[in-house]
Amino acid sequence: MLDISSLALPAFTPGWVWLVGAGPGDPGLLTLAGLHALRQADVVVYDALVDPRILDLARPEMPREYAGKRGGKPSPRQRDISARLVELARAGQRVLRLKGGDPFVFGRGGEEALALVQAGVPFRIVPGVTAGIGGLGYAGIPATHRDTNHCVTFVTGHGVTGEVPDGLDWQAIARGSPALVLYMGLKHLDAIARRLIAAGRDGDEPVAIISRATTERQFVLETTLARAASEAASSGIEPPTIIAIGPIVRLRAGLDWLGALGGRRLDPDPLGLRRAARDAG
């Protein structure tokens with residue numbers, strides 16, 4: 001077993017709740033602090049997207065409570081999850097709340113932490129690798145690159161009501177960032193794409209839809225903004241997905257390292273900059 005005792009990681013004290021990000025899927029992306037929490041906790045309350053192999057890193061006898069939320073399926077209510085965390089902590093348990101990705105990036109970790117504050121329960125946040133970074137990385141798409149973008153915008157495509165978030169300024173989003181990363185956007189991709197195009201985005205802009213990112217079942221569909229919804233439907237791609245929009249997607253032709261393991265030949269000039277400079281000279 002990996003010895004992490006020399007890292008002086010914080011003690012997991014009874015009566016505390018640790019909100020821990022498990023990463024986007026691949027167990028190798030779990031942090032050492034997350035592993036430490038798994039080994040010390042008395043009980044874990046975990047989400048739907050947590051890989052079972054991550055749970056297997058915990059002590060075999062540790063109780064596991066499922067609190068997963070999946071779109072269109074019966075799910076625990078958020079207030080019930082928060083109340084359960086409070087109940088377990090007040091019983092003197094070391095409570096591990098294990099969430100996919102990062103607890104504070106579209107993970108409702110902030111809501112759960114505030115519920116703990118209101119109940120007087122001490123807590124710690126252990127960040128995780130969010131899908132908008134890790135999922136893109138496993139698809140060979142950098143979130144930023146100096147030849148394409150100096151900013152990136154993370155957007156939820158799924159509001160509290162289950163519909164496209166109307167509170168977002170889609171005009172500003174469309175104009176404000178060359179690279180967009182959509183979480184939970186597959187269901188409403190057609191409506192989102194139409195709003196972005198109406199706000200000035202090019203329908204031919206490249207899009208990558210990454211399903212089950214970082215797992216053995218990862219699948220990437222490359223398309224364009226105008227065709228994304230229809231091609232996603234015809235391909236049968238399934239959630240959970242992360243969707244990248246913008247010129248960063250073109251870099252996948254040169255950076256698809258997983259594809260290269262399967263024999264894909266990578267393009268050393270995916271943006272065509274060297275070719276353009278050579279032709280100009």
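Structure above, values below:
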quantity	calculated
Test set (1) more than 12 Å from the chain's Cα centre (by Cα); (2) surrounded by fewer than 22 Cβ atoms within 10 Å (Cβ to Cβ) - Ile141 fails condition number	(2)
Residue within segment 141-163 that is polar (S, T, N, Q), within 30 Å of Asp51 (Cα to Cα) and in a loop (DSSP other than H, G, I, E, B) present	yes
Among (1) over 16 Å from Leu196 (Cβ atoms); (2) touching a Ser or Thr at 6+ places or on another chain (Cβ under 6 Å) - the single one Thr153 does not satisfy	(1)
Test: Asp102 is under 20 Å from the mean Cα position of the chain (by Cα), acidic (Asp, Glu) and within 24 Å of Gly159 (Cβ to Cβ)	yes
Pairs, first of a type in the set (Val, Ile, Thr) in segment 35-48, second assigned to a helix (DSSP H, G or I), C-beta under 8 Å, six or more apart	Val43/Leu88; Val44/Leu38; Val44/Leu55; Val45/Ile81; Val45/Arg84; Val45/Leu85; Val45/Leu88
Output for segment 229-258, where each listed residue is of a type in the set (Ser, Thr, Tyr) and either in contact (Cβ under 8 Å) with a residue 60 or more places away in the chain or in contact with a strand residue (DSSP E or B) (Cβ under 8 Å, 6 or more places away or on another chain) (or both)	Ser235, Thr241
Complete set of residues in segment 184-206 that are small (Gly, Ala, Ser) and crowded, with 21+ Cβ neighbours inside 10 Å	Gly185, Ala193
Scan of segment 35-48 for residues that are closer than 26 Å to Tyr183 by Cα and surrounded by 22 or more Cβ atoms within 10 Å (Cβ to Cβ), ordered by number	Val44, Val45, Tyr46
Options Thr31, Thr13; residue that is surrounded by 14 or more Cβ atoms within 10 Å (Cβ to Cβ) and among the hydroxyl-bearing types (Ser, Thr, Tyr)	Thr31
Qualifying residues in segment 137-151 (those that are out of contact with any strand residue (DSSP E or B) (no Cβ under 6 Å at 6 or more places or on another chain) and among the hydrophobic types (A, V, I, L, M, F, W, C)) - the one farthest from Leu266 (Cα to Cα)	Cys151
Single match in Val164, Val181, Val105, Val155 (criterion: closer than 17 Å to Ile243 by Cβ, touching a His at 6+ places or on another chain (Cβ under 9 Å) and surrounded by 15 or more Cβ atoms within 10 Å (Cβ to Cβ))	Val164
Tabulated pairs, segment 259-281, first in the same structural domain as His145 (by TED's automatic domain parsing) and surrounded by fewer than 10 Cβ atoms within 10 Å (Cβ to Cβ), second in a helix (DSSP H, G or I) and modelled with pLDDT of 90 or more, C-beta under 7 angstrom, 6+ apart or interchain	Pro268/Gly254
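So that you can scan it fast, the table gives a plain yes or no per residue for (1) surrounded by fewer than 22 Cβ atoms within 10 Å (Cβ to Cβ); (2) outside the structural domain of Arg39 (by TED's automatic domain parsing):
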{"residue": "Leu88", "(1), (2)": "no, no"}
{"residue": "Val95", "(1), (2)": "no, no"}
{"residue": "Leu116", "(1), (2)": "yes, no"}
{"residue": "His145", "(1), (2)": "yes, yes"}
{"residue": "His150", "(1), (2)": "yes, yes"}
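The values are calculated or read from the model by the stated rules, or taken from the named source; none is laboratory data. Because the structure is a prediction, the values reported are computed rather than measured. Using ideal geometry, Cβ is built from the backbone for each residue, glycine included, and neighbour counts are taken over all protein chains shown.
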